[in-house]
Amino acid sequence: MKKKLIKKGDVTKMKAVPIWIIILLLGHVLPCPTYAFQDRGEQDVSYTSYKGEVVDSETNKPLIFASLTVSGSNISTVTNTEGAFLLKVPTGVESTSVEVSFLGYRSRTIPLSTMGAENNTIALDVLVTELPEVNVTVPKDAVTLVKETLRKKGDNYVNDPSVMTAFYRETIKKRRRNVSLSEAVVSIFKTPYTSPRRDAVQMYKSRKSTDYSKLDTLVLKLQGGPFNALYVDVMKYPEYIFGEESIDNYNFRFDRSTRINDRLIYVIRFDQREDVLEPLYRGELYIDVQNKVLTSAIYSLNITDRDLASRLFVRKKPWNARVYPEEVAYRVDYREKNGKWYYGYSNAVLEFKIDWDKKLFNSIYSMTCEMAVTDWEQNPELSEPRYRDRLKSTMILSDEASGFSDPDFWGEYNIIEPEKSIESAIRKIQRQLRKQG
């Protein structure tokens, strides 16, 4: 069997999700300017906050990335990696309940009147997957189902321009220690899923803190900011994983079935063909088999060639360091409203190792970025920010954010509840700011 091997000079032809790392020696770093972003004006909006966790009703295990949506509105959030959530509901929203959903579990509608400000525990029951009562037409092979799902995006996904409010967070850790934290609230000017035009992003608020002393002699930066999470949207940007030329480089197979509410979801496993040696992806696609809708995708890079994978992600590095990705993983979840689906949440996790010449020990770092849509509205007039006000896909959030702020910085905006380790880092930053004040 003839092997399909990409040549070293052709690495730029590969369509990896564009996340780039810049690694610089501290002694060679020029001071970066801090930009203050124009505020749209503090709005005196009152809201009610609800905090808690979503768990499995039998095992009490936290449910990660469960969705919470205020009924009858576009306001939503997700649970973090510890199953915790923070949901802010503006006073003017005419709703009395929140809908909680998670793949493979029975959704619940919780009256807001029964929820307190904190310590809300929402337990979901596992859905027993049964054969559908109606006859569902399923393609005989998995690849046909995947291709049909990609073709039907114009029918199933939001095809009108919209403006989304989203919360974005990126962290850098050296082993288990947080060394950099950046957060932002952004507006995403989402173009129709059938349009070749790319989405535009505008900054509203941002903050950051970086402790370079924990990075030893290095400065690590993640280039791309919110675009790192936005480009994980498989249905909008299929060229990064399932382009017309690359989709045939994969093997697809039916794995199992599950449910979202009453929808039968087929899980499709995919991996690159054995005769393809360039680093591609493997993972799972969750497809609503009756409507041919991709509801979630979880996938990771096959690191078959460490040097080639390194060149996909590392923009700059010290000459005496070798940088190898250990793990590159992605996730995207979609939400449904009025029969149409739209981008709701995504994350990317990149773990890599730095080997130094003439040094016994290596360094291991991990970078994580995630973004959740917390509100959206239609944008029929196709209004977009001026070019100079748009974020560039090459931006570095940790350079442009304007420092850390007080706990009320985000006001009424929904954010992803921080993990305990991040929450601890935030408290430490705030203590340091109080001492300096």
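The values are calculated or read from the model by the stated rules, or taken from the named source; none is laboratory data. Everything numeric in this text was worked out from a predicted model, so none of it was measured. FYI the Cβ positions are ideal-geometry reconstructions off the backbone, even for glycines, and counts take in every protein chain you see. Side chains included, ligands, DNA and RNA excluded: accessible areas come from the protein's heavy atoms. Shrake-Rupley method; radii C 1.70, N 1.55, O 1.52, S 1.80 Å.
Figures for the structure shown
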item	result
Accessible area (Å², per residue) of region 173-307, counting only protein heavy atoms and a probe of 1.4 Å	37 Å²
Inter-label distance, nm, simple model (7 Å from Cα along the C-beta direction), Val349/Thr48	3.5 nm
Over 24 Å between alpha carbons, listed pairs Lys208/Lys236; Lys205/Lys337; Lys140/Lys292; Lys190/Lys317	Lys208/Lys236; Lys205/Lys337; Lys190/Lys317
Tensor-based shape of region 376-416 (alpha-carbon gyration tensor, a/c under 1.5 rounded, otherwise prolate or oblate)	oblate
Protection proxy ranking of 180-191, 273-284 - average other beta-carbon atoms within 10 Å, highest first	180-191, 273-284
Largest to smallest accessible area among Trp410, Trp376 [probe 1.4 Å]	Trp376, Trp410
Amide proton proximity set for Ser107, modelled H, under 5 Å, gap of 5+	Asn261
Solvent-accessible area, 1.4 Å probe, carbon plus sulfur percent, for region 236-339	39 percent
Karplus-derived HN-Hα couplings along region 58-72 (A = 6.51, B = -1.76, C = 1.60, θ = phi - 60°), whole Hz, x at Gly and Pro	9, 9, 6, 6, x, 9, 8, 6, 5, 9, 10, 10, 5, 4, x
Highest to lowest packing among 320-333, 66-79, 251-264, scored as the average C-beta count within 10 Å	66-79, 320-333, 251-264
Karplus-derived HN-Hα couplings along region 154-163 (A = 6.51, B = -1.76, C = 1.60, θ = phi - 60°), whole Hz, x at Gly and Pro	x, 7, 9, 10, 3, 10, 10, x, 9, 10
Cβ crowding within 10 Å averaged over residues, with 222-232, 239-249 ranked highest first	222-232, 239-249
Efficiency of FRET from Cβ geometry, Ala117 and Asp262, R₀ 30 Å, rounded to 0.05	0.40
Global size of region 305-362 as Cα Rg and Dmax, reported in angstrom	17.7, 61
For Glu417, net neighbour charge (Lys/Arg +1, Asp/Glu -1) across residues whose Cβ lies under 13 Å away	-3
Segment Arg322-Glu148, extension gain: residue separation times 0.36 nm, minus the distance between their alpha carbons	58.4 nm
Taking N as its residue count, the alpha carbon Rg of region 143-202 over 2.2 N^0.38 Å	1.64
Relative compactness, region 223-292, computed as alpha-carbon Rg over 2.2 N^0.38 Å	1.28
Fraction of the pair-distance distribution of region 277-412 above 17 Å, Cα-Cα pairs, percent	75 percent
Label point distance in nm, Glu412-Asn362, each placed 7 Å from Cα along Cα→Cβ	5.0 nm
5 Å-binned pair-distance histogram of region 195-353 (Cα, whole percent)	1, 7, 14, 18, 18, 15, 12, 8, 5, 2, 1, 0
Listed residue (Val293, Tyr237, Val323) projecting farthest to the positive dipole end of region 228-336, Cβ model	Val323
